[in-house]
Amino acid sequence: MERIVEYIWIDGQEPTKKLRSKARVLRDDHKVLGLLNIPIWTFDGSSTSQAITGSSDCFLKPVCKFPDPIRGEPHVLALCEVLNSDRSPHPSNTRAHLVATEECLKHEEALFGIEQEYTLYDTNGGRPYRWPEERTAFPRPQGPYYCGVGSDEVYGRELVEAHLKACLKAGLMIAGINAEVMPAQWEFQVGPLPPSAVADQLWLARWLLYRLGEDFGISAKLSPKPIDGDWNGAGAHTNFSTKGMRDPGGIKVIEQACAKLEAFHKEHMRVYGAENERRLTGKHETCDINTFRWGKSNRGASIRIPLHVVEASCGYLEDRRPAANMDPYEVCRALLETVCGNGFKG
């Protein structure tokens with residue numbers, strides 16, 4: 001039987017990493033293609049900012065697989081970790097660090113849900129999708145677009161719906177979608193899931209969004225501030241809980257976690273996304289990047305405790321600081337090590 005495996009990995013570009021992928025045809029007699037049946041492969045790391053030309057081979061180690069919703073059965077998508085030539089984790093491999101932290105703190109039973117905001121652009125990526133070239137003709141100020149309906153308020157729904165269906169077909173734990181406060185700006189949510197699983201699935205959901213965008217002639221981007229001026233930025237609000245937070249009376253554990261997060265605010269900002277200072281200005285539902293504040297039902301805080309959590313006296317917290325282009329492996333590790341470990345050093 002012939003199966004196509006799309007090997008997907010995260011490159012070494014800075015300050016914002018990108019996704020790469022290539023396809024391999026496997027010919028075997030296995031009725032079910034298990035993860036262990038997908039061989040480790042190599043790629044040219046000198047073309048992805050992960051090696052030098054004179055020693056360019058890096059390894060791709062599949063770490064999770066999902067049905068390929070684009071090619072269909074029996075083909076699969078395989079998310080991979082990048083390894084050095086000696087099979088050790090590559091410096092760009094932030095997943096390996098999260099997995100180690102997750103294993104040490106597994107007794108906390110941590111769960112994450114990530115709200116991924118993004119902006120759709122025209123084919124060449126020069127301006128938001130369906131936005132005019134002249135600023136004087138830009139859409140009217142934000143207000144009617146959030147969760148809007150109608151072609152005068154919502155741009156790009158055709159890609160967004162195709163993406164939702166593809167994520168569901170692939171078996172990703174996507175929780176929902178909605179139009180955001182700026183035309184051509186959207187959000188999807190992944191989780192709740194354990195740390196490495198939610199990060200894996202967020203990266204795969206991003207890959208599917210970019211790949212399907214090719215078919216629609218639409219480019220999705222994760223810029224924290226897509227348009228200067230009186231428009232919201234784009235974030236990746238991260239919902240986080242431990243078993244102690246979810247247990248009855250867990251609100252006290254949540255409040256203690258907020259105090260720990262405040263102590264490591266500067267360290268978190270180093271891994272919460274590139275150009276985040278353009279988004280975290282203290283305006284447009286954000287707290288200033290140099291200020292840490294937590295509050296109940298406060299969307300202008302660094303950490304928001306949702307109203308239903310306050311009423312139930314247990315649940316989770318929402319970290320509103322991560323930018324849309326953040327690396328979920330790093331954000332999940334920062335929260336785990338800060339709240340459940342000995343603090344986050346980066």
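The values are calculated or read from the model by the stated rules, or taken from the named source; none is laboratory data. Because the structure is a prediction, the values reported are computed rather than measured. Neighbour counts run over all protein chains shown; Cβ positions are idealised from the backbone, glycine included.
Key figures for this structure:
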{"item": "Pick from segment 231-246, criterion in a loop (DSSP other than H, G, I, E, B) and either crowded, with 24+ Cβ neighbours inside 10 Å or modelled with pLDDT of 95 or more (or both), ranking: nearest to the chain's Cα centre (by Cα)", "result": "ALA234"}
{"item": "Subset tally (residues that are farther than 27 Å from GLU14 by Cα, part of a helix (DSSP H, G or I) and touching a residue at least 40 places away in the same chain (Cβ under 8 Å)) for segment 270-311", "result": "2"}
{"item": "Selection within segment 247-292 - touching a Leu at 6+ places or on another chain (Cβ under 8 Å) and under 22 Å from LYS106 (Cα atoms)", "result": "ILE254, ALA257, CYS258, LEU261, HIS268"}
{"item": "Flag for GLU318 being under 18 Å from the mean Cα position of the chain (by Cα), of a type in the set (Asp, Glu), buried (at least 18 other Cβ atoms within 10 Å of the Cβ) and not in a strand (DSSP E or B)", "result": "no"}
{"item": "Number of positions in segment 247-262 that are touching a helix residue (DSSP H, G or I) at 6+ places or on another chain (Cβ under 8 Å) and assigned to a helix (DSSP H, G or I)", "result": "6"}
{"item": "Condition check for ALA257: at pLDDT 95 or above, under 30 Å from TYR210 (Cα atoms) and surrounded by 15 or more Cβ atoms within 10 Å (Cβ to Cβ)", "result": "no"}
{"item": "Candidates SER55, SER46, SER21 - the one that is surrounded by fewer than 19 Cβ atoms within 10 Å (Cβ to Cβ) and under 23 Å from ARG206 (Cα atoms)", "result": "SER21"}
{"item": "Residue among GLU158, GLU153 that is over 20 Å from the mean Cα position of the chain (by Cα), in a helix (DSSP H, G or I) and in the same structural domain as LEU208 (by TED's automatic domain parsing)", "result": "GLU158"}
{"item": "Every residue from segment 163-202 that is more than 28 Å from VAL149 (Cβ to Cβ) and aliphatic (A, V, I, L, M)", "result": "LEU193, ALA197, VAL198, ALA199"}
{"item": "Inter-residue pairs, beta-carbon under 6 Å, first in the same structural domain as THR119 (by TED's automatic domain parsing) and in segment 131-144, second of a type in the set (Val, Ile, Thr), 6+ apart", "result": "GLN142/VAL181"}
{"item": "Failed criterion for GLY176 (all others in (1) farther than 17 Å from ARG320 by Cα; (2) modelled with pLDDT under 95 hold)", "result": "(2)"}
{"item": "Boolean, CYS340 is modelled with pLDDT of 95 or more, touching a Leu at 6+ places or on another chain (Cβ under 8 Å) and farther than 24 Å from LYS283 by Cα", "result": "yes"}
{"item": "Residue ranges of strands (runs of 3 or more DSSP E) in segment 9-127 with at least 2 members among the polar types (S, T, N, Q)", "result": "111-121"}
{"item": "Sole residue being closer than 30 Å to GLU103 by Cβ and of a type outside the set (Val, Ile, Thr), chosen from LEU159, LEU172, LEU164, LEU212", "result": "LEU172"}
